[in-house]
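Written below as structure tokens is the structure these notes are about.
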Amino acid sequence: MSDQQIVFDDGATYDRYMGQWSRIVGDVFLDWLAPGRGLRWLDVGCGNGAFTEMLFERCAPAAIDGVDPSEAQLAFARAQPTAKLAKFHQGDAMALPFPDDAFDAAVMPLVIFFVPDPAKGVAEMARVVRAGGIVAAYGWDLTGGGFPYTALQQEMRELGVTHGMPPSPEAARLDVLQELWTGAGLQSIETRAIEVQRTFDDFEDWWQTVLTGPSVSAKLAAMAPDVRAALKERMRAHHPADASGRVTYGARANAVKGRVPR
């Protein structure tokens, strides 16, 4: 991916902040995708390998390759059990370092809005997948309020702390995904929204997850203590605990799948 890309460089904190969300959505996504066994997979924007691990556990792949711009994330991925089968490469989603027809399936999990030119990224996935193979993706509905930390971002803005958006925030809209897959010449295209929930042990568990979140931790650390305390109380109101003290809230991702023409 390009230098304009937002890059996450800490695999462990990313896993707590977003990797677990990725697995929750990924389970529903893979049920919907219903891929065959023994496929050669490409995980585009694999990050710390959270979704790569799911492919390994659920899909009995013949091979998995992951590509990501962050060498630090890839180092985390290479230290996981998945690395026994998967190969991880540093690279650009808009210029994939693979030959034509190298894979049976390519997937882009929670990444498409980070790609400066999403159409080019989709075209690259279609190029490296064989005829009849699968090209698929899912991403948070950023412009529709589906991001897991939308309420946090809104409250930060209310306190005068701006939070940037990725280069292509509208790319994960259902209509845009349909257009991107159609524009890449893919066939048998289907889209769907995926509603999910995640439960934290208590509000403090959620708050500590946020404090180490790669995309917000620096801004939270830079806040004056009283402002950060005010933000914490605002967020407590957004995420009330149940009778056992746990905090549960939801998020929404949009997904798309299609096939390379035969």
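If you average the alpha carbon positions of the stretch 200-262 and of the stretch 71-89, how far apart do those two centres end up, in angstrom?
First find each Cα centre; the distance between them is then 26 Å.
Give me, ordered by chain and number, the residues 5 or more places off residue 88 or on other chains with an amide H under 5 Å from its own placed amide H.
Excluding prolines and chain starts, which carry no amide H, the hits are 66.
What is the gain in length, in nm to one decimal, between residue 190 and residue 215 on full extension, counting 0.36 nm per residue of separation less the C-alpha to C-alpha distance?
Stretched fully, the residue 190-residue 215 segment lengthens by 5.9 nm.
If I take R0 = 35 Å and measure r between the Cβ atoms of residue 175 and residue 226 in this structure, what FRET efficiency does the formula 1/(1 + (r/R0)^6) give, to the nearest 0.05?
It comes to 0.20.
Karplus couplings for the stretch 35-47 from phi (6.51 cos²θ - 1.76 cosθ + 1.60, θ = phi - 60°), rounded to Hz, Gly and Pro as x?
3J(HN,Hα) across the stretch 35-47, in whole Hz: x, x, 8, x, 8, 8, 9, 10, 9, 8, x, 5, x.
Within the stretch 232-253, whose backbone N sits under 16 Å from a point 7 Å along Cα→Cβ of residue 159?
232-239
So who's got an amide H within less than 5 Å of the one on residue 106, skipping anything under 5 residues away but keeping other chains? H placed 1.01 Å off N, in plane.
Sorted by chain and number, the residues that satisfy this are 42, 134, 135, 136.
If N is the number of residues in the chain, what value comes out of its Cα radius of gyration divided by 2.2 N^0.38 Å?
The chain yields a ratio of 1.01.
How high is the relative contact order of the stretch 22-70? Use alpha-carbon pairs under 8 Å, at least six apart in sequence, and give a whole percent.
Reported relative contact order: 44 percent.
Would you pull out the residues with amide H under 5 Å of residue 202's amide H, same chain only if 5 or more places away, H placed 1.01 Å from N?
HN-HN under 5 Å from residue 202: 247.
Computed over the Cα atoms of the stretch 72-158, what is the convex hull's projected area averaged over all directions, in nm²?
Averaged projected hull area, Cα only: 7.6 nm².
Only the coordinates and a few stated rules stand behind these numbers; no lab work does. Keep in mind that what you see is a predicted model, and the values were worked out from it rather than measured. Reconstructed Cβ throughout: ideal geometry from the backbone, glycine too, with neighbour counts over all protein chains shown.
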